[in-house]
Amino acid sequence: MNVDSNFPIHLKDSCTKPTTGDIFQDLLSTFHFMVASTCLVSDKWEPSADIKDGDTFNFIIVGAGSAGCVVANRLSEVKKWKVLLIEAGGDPPIESYVPHYDQHLFGTDSDWQYKTTPTGKRNCANVGESVNWPRGKMLGGSSGINSMIYFRGVANDFKKWFDLGNKEWCPDIVFKYFKKLESLQDQKLLKNPQIRDLYGLNGPQVINTFNWTDEKVFENVFNSFNQIGLQIQEDLQLANLLGAGLSRDTAYNGRRASTATTYLSQIQHRENFKLMKNAFVVKILLDDNSKAYGVVVKYKGEEIKVFASNEVIISAGSINSPQLLMLSGIGEKKHLESKNIDCKVDLPGVGKNLQDHIIINVPVFGRKSRSENYIDKYLDVGRYTYNRTGYLAHSSAPHVIAFYSRNKNATYPEFQVHLDIADKNSSYARSIFSIFKEPINQSFCELTEKYDSFIFRFNLLQPRSYGNIYLNTSNPFNHPLIYANYLDDERDIEATVEGIRMLTAIIDTDYFKSINAFLGRYNWPKCNEYKLNSYDYWKCISPEVTVTIYHPVGTCAMGPDSSSAVVDSRLRVHHVKGLRVIDASIMPNITSCNTNGPTIMIGERGSDLIKEDYGIVERTEDFCL
Ligand SMILES: Cc1cc2nc3c(=O)[nH]c(=O)nc-3n(C[C@H](O)[C@H](O)[C@H](O)COP(=O)(O)OP(=O)(O)OC[C@H]3O[C@@H](n4cnc5c(N)ncnc54)[C@H](O)[C@@H]3O)c2cc1C
């Protein structure tokens with residue numbers, strides 16, 4: 001816990017006072033209670049499986065993330081299949097389970113700690129001229145480090161997938177799989193028959209709504225969104241992601257519900273299933289007929305080979321999946337040869353087609369009424385250990401979300417806004433701006449000393465700019481090069497600027513006027529000649545200060561044409577036998593929302609495609625016709 005300068009002075013006093021000893025007894029019991037309660041928050045994980053060089057399985061899955069845990073669960077339902085799941089990270093730390101610590105995992109061993117490669121063209125006002133890309137490295141992968149916002153996306157997203165020739169992925173079937181994965185727990189929402197009908201109620205993935213500790217501010221902000229024309233929605237998914245409202249969350253009872261918790265923890269004892277942890281796959285083994293027959297794993301200091309008699313499934317995420325394919329000789333020939341890798345399958349699409357949701361922080365300053373104090377906050381820690389309520393039981397940033405479009409009659413959104421609120425003079429407010437170079441950081445920090453900050457995190461939902469991922473070296477332990485190419489396409493800049501200018505109208509709404517709110521200026525010499533909030537100001541500053549909301553997808557895109565796509569619509573790697581990719585990297589285009597829900601859906605759909613191919617379940621090909 002950060003102790004700020006305005007921490008109450010009497011709590012800093014020395015505590016060496018005479019005592020009979022009773023107080024220590026009581027405090028010790030409290031301490032034991034607290035320690036015991038941490039065990040109740042986390043799952044019980046068994047030790048890593050004892051896997052030997054040469055062991056053989058029917059299916060090997062690489063990566064226990066949002067998708068990999070789903071695939072492991074669904075494939076090991078088939079008792080005759082021996083399934084191995086290999087994860088580079090270990091058990092999720094306790095901070096992963098406590099929702100409020102979501103961002104505390106950044107920069108730790110549970111984070112891959114990627115960064116985009118500076119190009120000198122974009123992000124020039126960001127420290128290091130790059131953007132941090134945390135990714136989860138633990139059971140649950142990025143579902144263990146993410147902000148827990150749950151959305152599905154809209155039919156238009158999946159229609160685009162289908163129209164590209166991916167005949168197994170029409171919206172109707174995709175939504176059927178969302179329902180399969182979901183278990184909506186919010187008792188209040190379930191009273192609405194439309195919401196009850198929309199969501200799945202019996203799937204493994206628990207979905208609920210956080211019990212927020214500061215709802216008064218939220219109400220004010222929602223009313224402001226309403227005044228600028230966005231309807232307040234009880235459930236945004238039901239409203240086809242148009243309007244403003246709270247998100248649903250992958251959490252329940254004050255505890256994160258990553259896919260490690262929801263799909264993996266309960267299958268640990270299946271006899272046909274083995275889980276290898278802290279095991280890093282460095283290569284996929286391909287024979288002379290381009291058939292994948294196993295993987296090389298760095299495990300307990302040694303390289304061992306494990307074999308797959310049916311298939312190898314790569315679920316290592318949008319950065320590591322293309323990296324692993326390239327390290328194994330599957331990728332663009334010219335690029336692989338430049339890294340002295342023997343190209344076995346020339347597949348130019350590997351690592352290309354990278355899409356992400358950018359964030360442009362729109363900072364608004366004002367003086368909100370105080371709703372919590374530090375004593376309340378520290379008592380909340382006790383409340384959390386007692387019954388998992390209080391501020392620790394929800395994520396660090398509020399899940400106040402707005403979706404809107406330039407076209408008032410649009411049936412799906414173009415933009416999304418997440419809100420972050422930071423108290424005056426708090427270390428959190430300062431940390432928000434510390435990602436920017438001087439003089440931006442300094443001038444915003446001065447404002448945070450006097451005002452509360454409302455950071456509207458603006459995000460463009462269907463970007464037209466594409467990035468790519470390349471190998472830096474042929475060493476699997478070296479991070480690949482990530483070129484995000486944010487806002488490279490002029491149409492993205494135009495949409496961003498217009499979308500932000502629609503959003504900044506919020507400053508003139510009743511609530512923000514009542515707190516004398518004003519828009520903060522990015523103090524960046526290159527853009528200082530432009531009037532604040534003008535078209536030219538945002539056009540100048542946006543590419544300089546772009547960051548991410550952590551949704552990279554598309555680097556092993558699905559599609560029929562192997563000159564650009566990596567997998568076919570059954571998620572089989574083109575021109576390779578016995579190898580699939582099942583994770584966020586297969587999205588041909590990014591969904592109009594946060595990507596965890598869609599990735600879990602990909603895990604579910606991908607697992608059934610495998611089961612269909614082996615005659616375990618009936619084929620659903622006709623479903624989309
Ligand atoms: C900080 C952050 C916040 C986010 N917030 C949200 C949110 O609130 N809502 C939302 O919907 N989405 C959010 N996302 C995005 C969402 O979490 C991801 O889209 C989703 O988790 C991607 O799932 P995946 O299965 O593709 O990859 P991951 O979940 O990242 O899984 C990949 C797994 O593979 C393992 N792995 C990688 N390489 C190897 C190897 N060679 N050998 C063995 N194992 C390997 C990794 O350690 C990891 O466990 C966020 C993401 C981040 C990082």
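Please treat every number below as a calculation from the coordinates, not as lab data. This structure is a prediction, so every number in the text was calculated from the model and none was measured. Heads up, the Cβs are rebuilt from the backbone with ideal geometry, glycines too, and the neighbour counts pull from every protein chain shown.
Computed FRET efficiency, Cβ-Cβ of Val127 and Thr20, R0 60 Å: what is it to the nearest 0.05?
Rounded to the nearest 0.05, the efficiency is 0.65.
Write down the percent of antiparallel bridges among all DSSP beta bridges whose residues are both part of the chain, to the nearest 5.
Roughly 70 percent of the DSSP beta bridges within the chain come out antiparallel.
Between Cys445 and Met34, what is 0.36 nm times their sequence separation minus the Cα-Cα distance? Round to one decimal in nm. Kindly include the intermediate steps, with their values, before the conclusion.
Numbers: separation 411, 0.36 × 411 = 147.96 nm, distance 3.59 nm.
Value of the extension gain: 144.4 nm.
Going Cα to Cα from Lys539, which aspartates and glutamates come in below 16 Å? Please leave out same-chain ones fewer than 8 positions away.
Of all the aspartates and glutamates, those that pass the test against Lys539 - Cα under 16 Å, at least 8 places apart if same chain - are Asp488, Asp489, Glu490, Asp492, Glu494, Glu498, Glu529.
If each DSSP helix of 4+ residues adds -39,500 (n - 2.57) and the sum is divided by the residues in the chain, what number results at 222 nm, nearest 500 deg cm²/dmol? Mind showing how you got there, number by number?
Numbers: 16 runs with 168 residues, N = 625.
The helix contribution divided over the chain gives -8000 deg cm²/dmol.
For Lys377, list the lysines whose Cα falls under 18 Å from its own Cα; do not include residues on the same chain fewer than 8 positions away.
Reachable lysines: Lys12, Lys216, Lys368, Lys424.
Can you give me the distance in nm between label points at Arg196 and Thr119, each placed 7 Å from the Cα along the Cα-to-Cβ direction?
According to this spin-label approximation, the distance is 5.1 nm.
I'd like to compare 77-87, 18-28: which one has the highest average count of other Cβ atoms within 10 Å, and what's the full order after that?
In decreasing order of mean packing, 77-87, 18-28 become 77-87, 18-28.
Using label points projected 7 Å from each Cα along Cα→Cβ, tell me how many nm separate Trp45 and Gln187, to one decimal.
In this crude spin-label approximation the distance works out to 3.3 nm.
Given the chain, what whole percent of its Cα pairs are spread farther than 33 Å?
For the chain, the share of Cα pairs beyond 33 Å comes to 46 percent.
Between Lys577 and Asn278, 0.36 nm times their residue separation minus their Cα-Cα distance comes to what?
Working: separation 299, 0.36 × 299 = 107.64 nm, distance 2.75 nm.
Here the answer is 104.9 nm.
Return the aspartates and glutamates within reach of Lys44: Cα separation strictly under 19 angstrom, same-chain partners fewer than 8 residues apart disregarded; answer none if there are no such residues.
Qualifying aspartates and glutamates at Cα under 19 Å: Glu87, Asp91, Glu95, Glu271.
Give the distance, in whole Å, between the Cα centre of region 567-618 and the Cα centre of region 316-337.
Using only Cα atoms, the two centres lie 18 Å from each other.
Apply 1/(1 + (r/R0)^6) to the Cβ-Cβ distance of Arg270 and Lys159, taking R0 = 41 Å, and write down the FRET efficiency to the nearest 0.05.
Working: r = 37 Å, r/R0 = 0.90.
Calculated value: 0.65.
For Glu234 and Asp561, FRET efficiency with R0 = 56 Å and r from the beta-carbon atoms, rounded to 0.05?
So, using R0 = 56 Å, E works out to roughly 0.85.
7 Å from Cα along Cα→Cβ at both Ser309 and Ser427: what's the point-to-point distance in nm?
5.6
Among Asn425, Ser465, Tyr378, which residue has its Cα positioned farthest towards the positive end of the charge dipole of region 332-467, with +1 placed on the Cβ of Lys and Arg, -1 on the Cβ of Asp and Glu, and the dipole taken about the Cα centre?
Ser465
Taking the mean number of other Cβ atoms within 10 Å as a proxy for protection, how do you rank 462-468, 190-196 from highest to lowest?
The packing order, highest mean first, is 462-468, 190-196.
Using Cα atoms only, what is the angle between the long axis of helix 440-450 and the major principal axis of the chain, expressed in degrees (0 to 90) to the nearest 10?
50
How do 574-581, 341-348, 382-389 rank on mean C-beta neighbours within 10 Å, highest first?
Highest to lowest by the protection proxy: 574-581, 341-348, 382-389.
Give me the number: length gained by fully extending Glu621 to Glu438, i.e. 0.36 nm times residue separation minus the C-alpha to C-alpha distance, one decimal in nm.
60.3 nm
Between their Cα atoms, which of Lys176/Lys344; Lys115/Lys526; Lys115/Lys179; Lys121/Lys344; Lys82/Lys291; Lys121/Lys334 are more than 30 Å away from each other?
Details: Lys176/Lys344 37 Å; Lys115/Lys526 24 Å; Lys115/Lys179 35 Å; Lys121/Lys344 34 Å; Lys82/Lys291 19 Å; Lys121/Lys334 25 Å.
Check vs 30 Å cut-off fails for Lys176/Lys344; Lys115/Lys179; Lys121/Lys344.
Within a 10 angstrom radius of the beta carbon, how do Ser514, Ser569 rank from fewest other beta carbons to most? Walk me through the numbers before you get to the answer.
On the way: Ser514 13, Ser569 20.
Arranged by neighbour count, lowest to highest, Ser514, Ser569 become Ser514, Ser569.
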